[in-house]
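As structure tokens, the structure follows; a few thoughts come after it.
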Amino acid sequence: MPIAFIAGTDEQIKAGKGELLLTTTQAAARLGMNERRLRMLVEQNVLTPYDERIFNVPLFVAKEIEQLRESRLKRGY
């Protein structure tokens with residue numbers, strides 16, 4: 001069963017304007033790569049995890065993952 005994390009203030013979340021966060025596994029799957037490659041992108045400063053972690057698990061903003069996926073597709077990856 002998928003788990004969803006939403007970030008934002010109480011007001012943003014109540015208004016449905018919070019940001020969807022993804023785990024490393026979810027982000028890697030959306031990008032079509034393995035988790036090791038995703039961690040390499042973080043080390044290379046291509047991708048930045050969200051400021052907070054849940055249970056010491058890095059999270060990524062879904063919108064940023066989608067933007068990276070689209071730019072990679074345009075470059076032929």
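Please give, to one decimal in nm, the separation of the simple spin-label points placed at Lys63 and Lys14, each 7 Å out from Cα toward the Cβ.
Here the modelled spin labels are 2.1 nm apart.
In vacuum, with every alpha carbon of the stretch 5-74 counted as one equal point scatterer, what does the Debye formula give for log10 I(q)/I(0) at q = 0.12, 0.17, 0.27, 0.28 Å⁻¹? Two decimals, please.
-0.32, -0.61, -1.25, -1.31
Multiply the residue gap between Glu70 and Val46 by 0.36 nm, knock off their C-alpha separation, and tell me the result in nm, one decimal place.
7.3 nm is the gain from fully extending Glu70 to Val46.
Could you line up Met40, Met33 from fewest to most neighbouring Cβ atoms inside 10 Å?
Working: Met40 13, Met33 16.
Ascending Cβ contact count within 10 Å gives the list Met40, Met33.
So, in nm, how far is label Glu35 from label Tyr77 when the simple model puts each one 7 Å beyond its Cα toward the Cβ?
If labels sit at Glu35 and Tyr77, their model points lie 2.0 nm apart.
Could you grab the relative contact order for the stretch 5-74? Cα pairs under 8 Å, six or more apart, rounded to a whole percent. Please report the intermediate quantities before stating the final value.
Values: 75 pairs, mean separation 22.2, N = 70.
Over the stretch 5-74, the number comes to 32 percent.
None of the figures in this text is laboratory data; all of them are computed from the coordinates on show. What you see is a predicted model, and the numbers here were worked out from it, not measured in a lab. Methodologically, a virtual Cβ is constructed for each residue, glycine included, from the backbone with ideal geometry; neighbour enumeration extends over all protein chains shown.
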